[in-house]
Each structure stands twice: as structure tokens, then as C-alpha cells.
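Inspection log for the structure reproduced underneath, given as C-alpha cells.
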Amino acid sequence: MQDPNWKSHSWLPYCWAILIFSCSRVVVALGLVFSQKYLTVGRADVWSAGPAWYHQLLQWDSQWYFEIVTQGYRYNGDPTIQQNIVFYPLYPMLVRGLATISGLAPADALLLVSNVAGLLAIVILFKLVREEFGDQLALATIALLSFFPASVLLSAGYTEPLALLLIVSFFLVLKRKNYLSAALLAGLAASTRSTGVVLLPVLLWEMWSNRDKTKFLLVLVPSVLLATSGIWLFMIYLWSAFGTPFAFADGQAAFHQGTTLATRLIAALKLEPFTRMMLNDWNPWGQASWFTLLFIALIVLGWSRLRASWTLFAMAVLLLPYLTLSGGPAGFVSMSRFNLVSFPLFVTLAGLGLRAKWLLAGVIGLLGASLFMNTALFARRIWIG
């Protein structure tokens with residue numbers, strides 16, 4: 001990276017970023033092959049998207065998205081029964097459109113959308129961090145995120161790849177003070193997964209921090225409408241189709257052993273999830289407790305190192321599932337997955353790692369081993385978060 005011609009080849013750092021991400025996908029592929037050869041599925045009646053080895057990446061939530069793509073949304077009015085109404089619409093809409101236009105099978109379209117979105121997200125994230133901190137830290141960020149254990153979902157039939165793509169695109173556009181474009185990306189993110197809603201306070205913070213009073217008032221209302229459009233358009237659809245705009249929120253109770261949002265919120269405010277941390281369990285669901293503590297530490301450390309809007313985003317990404325889900329029976333189990341899109345955490349960790357590159361290499365190696373394990377377990381439909 002000390003080559004005097006390095007900066008003259010502006011495309012070369014992007015090639016390195018893509019290569020790093022591709023190496024992590026090789027680890028995922030090896031995990032799938034290992035799983036298929038040496039592990040067995042615990043139940044014979046487990047849903048399968050297809051016979052190909054890569055179809056193992058369609059597990060758990062992928063089944064719900066497959067159902068939405070092939071059958072549409074369904075809701076019988078009973079929030080105590082698990083139904084596909086709780087899953088946000090943009091990802092299955094894109095998959096269905098691709099399958100219709102290209103003739104691809106829905107299972108293959110699910111994976112194609114996710115993997116293309118994941119690759120594009122890595123490229124745009126590299127550009128965002130590179131502009132802010134330079135090539136070395138950007139590449140270290142990409143490596144940490146790519147080999148993070150939960151990053152198997154960047155290749156699976158989940159919304160994380162698309163959400164990450166929209167989020168990093170939002171921050172890149174926001175940096176250029178294109179507020180309406182940023183608001184549109186925030187609205188698309190909000191129609192992908194609940195994490196998208198935290199982009200609204202980030203947008204308002206940046207608009208206020210760089211305000212010109214006339215322009216601020218001029219774009220405030222349309223920006224808010226665009227940034228929240230993913231939620232209220234979905235609610236209008238639910239109201240029209242099923243007679244209740246809050247079906248997506250009410251239906252969450254069935255996925256959390258019948259606990260209501262109010263019950264989970266009160267438990268979270270009383271800090272009950274911290275009393276149920278699994279710090280002596282090194283399975284993926286146990287590791288989530290340790291990662292939660294790490295995320296909190298990185299937010300604190302990043303406070304003085306990152307843009308205020310980046311830290312605000314990282315805090316909001318952590319607090320949203322904590323306040324709405326962690327107070328339920330799952331506790332911190334899925335926090336690794338929920339914070340996969342919280343790129344400022346990986347930026348802060350990369351900055352710390354570059355102070356001792358040998359240690360950074362060791363950490364990436366350990367993360368890669370855990371990614372391999374998570375992939376093998378996920379492929380056999382064993383819960384990893």
C-alpha cells in the first residue's frame with residue numbers, strides 16, 4: 001500500500017475489498033460443503049428450498065420470504081399464530097419481480113438478490129469509509145465485517161444484505177447533503193427491515209447540523225415523508241388487505257412466546273436482559289451476549305472517533321432490538337445479526353485493530369473460524385441468531 005502509483009489506480013483498492021469479501025464467501029461455501037457431508041438435519045420434515053448445495057442458505061426466515069414470494073401475504077387475524085405478515089415487503093417484492101422477469105426459480109432469485117446486494121453493499125461501504133479514513137482502515141473494516149460470524153446472512157435469503165446496501169448508500173448520499181435522496185433511501189430501508197426507521201433521526205440530525213433555515217424548512221416535510229414511507233405504505237397495504245395497519249407489529253408476539261411489545265419494553269427498561277446473559281455458553285446464541293457487550297464498548301469508544309451521525313446510528317441500531325425484543329424470551333440471542341448492518345461498530349474496531357496489525361489478523365482468523373461454524377450450523381437449520 002506504499003506503492004507511489006497506488007493512488008493513481010483508483011480502482012485497485014476496490015478490487016482488494018472485493019477480494020476480501022470473496023475470500024469470506026469461500027469460507028461460507030466451505031461451511032456449506034462441510035455441513036452437507038458431515039452434519040445431519042435433526043428432523044426429517046424440515047422445509048427445503050431445493051436440492052442444490054447452495055439452497056442450504058435458505059433457512060429459517062428464508063422460508064417466510066419464499067412463502068411471500070410464491071403465495072403473497074396472508075393473515076387470519078390471530079396474532080398468536082406465526083404468520084408472514086411480520087416480514088417487510090421490499091426484499092420479497094424485488095425477488096418476485098426478478099423471478100417473473102428472468103424466469104428464475106424463487107429460491108434462486110432469493111439468493112441472487114441477497115448476494116448481489118451483499119457485494120454492492122461491501123463496495124459502497126468501502127467507498128464511504130475510504131473517503132472518511134483512508135484505504136487501510138476501509139479495508140480493515142471490510143475484513144472484519146466480511147468475516148464476522150453473522151455475515152453468513154449476507155449470502156443467505158435474509159434482508160440483511162439489502163438493508164446494509166441501502167443503509168451505506170444512505171450515509172454516502174447524506175455525506176453529500178443530498179437530503180431528499182437520502183430520505184428516499186431511508187424509506188426503502190424501512191420497507192426492508194425495522195432497522196430502517198432509525199435512519200430518520202440520523203437524517204434530521206444531519207439536516208439540523210448543516211441547516212440553512214430556509215432550505216431546512218423547505219425539505220423537512222418531504223424528507224420526513226420519504227424517510228418513513230416504507231412503514232406507512234406497508235401499513236396502508238395491511239389496512240386495505242387485512243383491516244389492521246398494525247398487523248406486522250402485533251404479529252411479533254407469536255414469534256416471542258406470546259409476549260406483548262409492552263411486556264418486552266418494560267423488561268428491557270428494567271435491564272432484565274442483562275440478568276439473563278449467557279456468558280458461559282460458547283454456542284452462537286451464547287456468543288451473542290459477549291458480542292452485545294462488545295458492541296456497547298465500541299459505541300462508547302467510537303463516540304470521539306466517528307461522525308456524530310454514525311454514532312447516533314450505531315446507538316439506535318442497538319437500542320431498537322433491545323427495547324422491542326431483548327426483554328422477551330430470546331434475550332440477546334439475535335443481537336449479532338441485528339447489528340450486522342451497524343457498520344460504525346466495525347469501523348471503530350478496525351481503527352483499534354490497526355494499532356496492532358498482528359492482533360487484527362488473529363481476530364479476523366478467529367472470526368473466520370466462527371463464520372465457518374455458523375454457516376455449517378445454519379445450513380443444518382440450527383439456530384445461530
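The values are calculated or read from the model by the stated rules, or taken from the named source; none is laboratory data. Computed from a predicted structure; not experimentally measured. Here Cβ is always computed from backbone atoms with ideal geometry, including for glycine, and neighbour counts include all displayed protein chains. Heads up: the accessible areas ignore ligands, DNA and RNA and are worked out on the full protein's heavy atoms, side chains in. Shrake-Rupley method; radii C 1.70, N 1.55, O 1.52, S 1.80 Å.
In segment 303-314 there is at least one residue that is open to solvent by less than 70 Å² (accessible area, probe 1.4 Å), in contact with an Asp or Glu (Cβ under 6 Å, 6 or more places away or on another chain) and in a helix (DSSP H, G or I). Taking the conditions (1) under 21 Å from the mean Cα position of the chain (by Cα); (2) open to solvent by 50 Å² or more (accessible area, probe 1.4 Å); (3) more than 30 Å from Met207 (Cβ to Cβ) in turn, Glu272 satisfies each one other than (1). Name the residues in segment 306-334 that are in contact with a Ser or Thr (Cβ under 6 Å, 6 or more places away or on another chain) and either at pLDDT below 95 or of a type in the set (S, T, N, Q) (or both), would you? Of everything in segment 306-334, those that are in contact with a Ser or Thr (Cβ under 6 Å, 6 or more places away or on another chain) and either at pLDDT below 95 or of a type in the set (S, T, N, Q) (or both) turn out to be Gly328, Phe332. Sub-6 Å Cβ pairs linking a first residue in segment 242-260 that is among the basic types (Lys, Arg) to a second residue that is open to solvent by less than 30 Å² (accessible area, probe 1.4 Å), at least 6 apart or interchain, number zero. Every condition in (1) within 28 Å of Ala29 (Cβ to Cβ); (2) in a helix (DSSP H, G or I); (3) touching a residue at least 40 places away in the same chain (Cβ under 8 Å); (4) open to solvent by less than 10 Å² (accessible area, probe 1.4 Å) holds for Gly286 except the one numbered (3).
Candidates are the residues of segment 75-110 that are of a type in the set (Val, Ile, Thr) and open to solvent by 40 Å² or more (accessible area, probe 1.4 Å); the one that is modelled with the lowest pLDDT is Thr80. Scanning segment 170-203 for residues that are assigned to a helix (DSSP H, G or I) and open to solvent by less than 20 Å² (accessible area, probe 1.4 Å) yields a count of 15.
Within the span defined as segment 29-49, every residue fails to be touching a Pro at 6+ places or on another chain (Cβ under 8 Å), of a type in the set (A, V, I, L, M), at pLDDT 90 or above and not in a loop (DSSP other than H, G, I, E, B).
When the residues of segment 90-108 are filtered to those that are touching a residue at least 24 places away in the same chain (Cβ under 8 Å) and either of a type in the set (Val, Ile, Thr) or touching a Ser or Thr at 6+ places or on another chain (Cβ under 6 Å) (or both), which remaining residue is farthest from Trp232 (Cα to Cα)? Applying the filter and picking the extreme gives Pro106.
Can Trp64 be described as farther than 18 Å from Ala29 by Cα, open to solvent by 20 Å² or more (accessible area, probe 1.4 Å) and among the aromatic types (Phe, Trp, Tyr)? Answer is yes for this residue. Test Trp358 against the stated conditions and say whether it is more than 18 Å from the chain's Cα centre (by Cα), surrounded by 16 or more Cβ atoms within 10 Å (Cβ to Cβ) and without any contact (Cβ under 8 Å) to a residue 12 or more places away in the chain. Taking the combined requirement at face value, the residue does not satisfy it. Between Ile124, Ile81, which is of a type in the set (A, V, I, L, M, F, W, C) and assigned to a loop (DSSP other than H, G, I, E, B)? Exactly one residue qualifies, and that residue is Ile81.
Tell me which residues, restricted to segment 216-263, are touching a helix residue (DSSP H, G or I) at 6+ places or on another chain (Cβ under 7 Å) and of a type in the set (Ser, Thr, Tyr). Ser223, Thr228, Ser229, Thr244, Thr259, Thr260 - these are the residues of segment 216-263 that are touching a helix residue (DSSP H, G or I) at 6+ places or on another chain (Cβ under 7 Å) and of a type in the set (Ser, Thr, Tyr).
Restrict the check to segment 142-158 and report whether at least one residue is in a helix (DSSP H, G or I), β-branched (Val, Ile, Thr) and open to solvent by 50 Å² or more (accessible area, probe 1.4 Å). The answer is no; no qualifying residue exists.
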